[in-house]
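Notes for the one structure printed next.
The values are calculated or read from the model by the stated rules, or taken from the named source; none is laboratory data. Predicted model only: the values in this text are computed from it and were never measured. So basically every Cβ, Gly included, is an ideal-geometry build from the backbone, and we count neighbours across all protein chains shown.
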Amino acid sequence: MTLQELLTSDMDFASLAALARQGWTWWLDELAAMLPARWRDSLSARPRIWIEPTPQGAWRQWRDGRPDSPGAPHPAKLRIGLLAPPDSVLIRRIPTPRMPAADVRRMLTLDLDRLSPLAPSLVHSDMVIVDRGDEDGPQHVLLGLIPRDEAARLLAKARDDGYAPAALAVRDVNAAAPPRFDFLPQVLRAQGAAASDRSRRYLWITAGVLILVNIAVLVGRDVVEVSRLQDRVDAQTPGLEAVQRLRQRIEREDVTRRDLIARGRQTDPLRVISLLTRALPPTAWVQHLEWNGLRLRIVGSKRDNADLGGILRGTGAFANPRTLVAAPAAGGGLFTPFDVIADARPEVRR
């Protein structure tokens, strides 16, 4: 089911929970498939000690794939597996699409009536992936089928002899190969008992450990990257300090330059002469001009009663105009002498 189909479907909480369990099972299967075979064997809950019935009614014992002492019963607290005779289990090699183990198991269960010579209600089945094949090719699985009455008889005989089997498998023809399949969960479900699935517990522990490892790797990678970035910053610190000093020097020189330009503009006599030329009336003649950037003094004569102080104030460049004692007139009475002093406005001196 795609994400679009999931969002547009009408599903209840039970169906969503089943999908969540299915996704979790798929993830655990994928994690288990990524582990090396030796790790999977060490984390597996499959027993190391196996018992197999002999034609004489006794038990043959196996430990780690090798025959063990036949007459020494093991304590009941040990995890012991039960081996079905090879001739009582039908094994078929089937090519399937590359899918997770849970999906392959579900597909084979639905197609069991075609794959089994007996009705599905008369057999227990299990499968194991033996070859995942190429990336584009199919994978191969082994399907194991055991009659229900045979599995129940073997389990009852083992219990009668004091054993508590933790798994029901079949021994490979090659004795060195590990046992295949596990029919015990299906047998217990058929008998109304719950199977203790310790392998799922180990898978949960493995998944938790892998999550912690992923978090630790991410945190460690971030720490390493931060350390590398700090090293690069420390390596560039001398150059950065030199650039900052150069910038401060340039800024100081810019301030000095601006101040010099402002002072030059403020003390420029041509600007004042141009301003007075536009402001003074044609009937006023300036004979003497003093300008030091802070104070202006003009001395001359005029033909009318023009208010030179008001004229200077109206230019906006001067303030506080005042008239000094006028010098005696050089000519006749048509001209009135003037001697005016004014201060430069603070706005002009910026």
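Just one of the listed residues (165, 185) is in contact with a Leu (Cβ under 6 Å, 6 or more places away or on another chain), closer than 30 Å to residue 124 by Cα and at pLDDT 85 or above, namely 165. Against the conditions (1) surrounded by 12 or more Cβ atoms within 10 Å (Cβ to Cβ); (2) closer than 17 Å to residue 337 by Cβ; (3) of a type outside the set (D, E, K, R), residue 279 satisfies every one except (2). Could you list, in sequence order, the residues of the range 130-149 that are surrounded by fewer than 19 Cβ atoms within 10 Å (Cβ to Cβ) and hydrophobic (A, V, I, L, M, F, W, C)? Correct list: 130, 142. So, in the range 89-105, exactly how many residues are under 17 Å from residue 123 (Cβ atoms) and not hydrophobic (A, V, I, L, M, F, W, C)? Residues flagged as under 17 Å from residue 123 (Cβ atoms) and not hydrophobic (A, V, I, L, M, F, W, C) within the range 89-105 amount to 2.
Specify which of the listed residues (287, 266) is closer than 30 Å to residue 307 by Cα, part of a helix (DSSP H, G or I), in contact with a Gly (Cβ under 6 Å, 6 or more places away or on another chain) and not aliphatic (A, V, I, L, M). Please lay out each step first, then the result.
On the way: 287 fails: part of a helix (DSSP H, G or I).
Answer to the selection: 266.
Taken together, the criteria exclude residue 126 from residues that are surrounded by fewer than 17 Cβ atoms within 10 Å (Cβ to Cβ) and of a type outside the set (Lys, Arg).
Yes/no matrix, rows are residues, columns are (1) in the same structural domain as residue 123 (by TED's automatic domain parsing); (2) at positive phi; (3) loosely packed, with under 11 Cβ neighbours inside 10 Å; (4) modelled with pLDDT under 90:
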{"position": "190", "(1), (2), (3), (4)": "yes, no, no, yes"}
{"position": "202", "(1), (2), (3), (4)": "no, no, no, yes"}
{"position": "205", "(1), (2), (3), (4)": "no, no, no, yes"}
{"position": "237", "(1), (2), (3), (4)": "no, no, yes, yes"}
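Could you check the range 105-123 and list, in sequence order, the residues that are over 16 Å from residue 87 (Cα atoms), of a type outside the set (Ser, Thr, Tyr) and surrounded by fewer than 15 Cβ atoms within 10 Å (Cβ to Cβ)?
First, the residues of the range 105-123 that are over 16 Å from residue 87 (Cα atoms): 105-115, 119-122.
So of that shortlist, the ones also of a type outside the set (Ser, Thr, Tyr) come out as 105-108, 110-115, 119-120, 122.
Those that are over 16 Å from residue 87 (Cα atoms), of a type outside the set (Ser, Thr, Tyr) and surrounded by fewer than 15 Cβ atoms within 10 Å (Cβ to Cβ): 106, 110, 111, 113, 114, 119, 122.
Please note which strands (runs of 3 or more DSSP E) are completely contained in the range 121-173 and include at least 3 residues that are not aliphatic (A, V, I, L, M). Break it down stepwise before answering.
Numbers: elements: 123-131, 139-147, 165-170.
Where strands (runs of 3 or more DSSP E) fall fully within the range 121-173 and carry at least 3 residues being not aliphatic (A, V, I, L, M), they are 123-131, 139-147.
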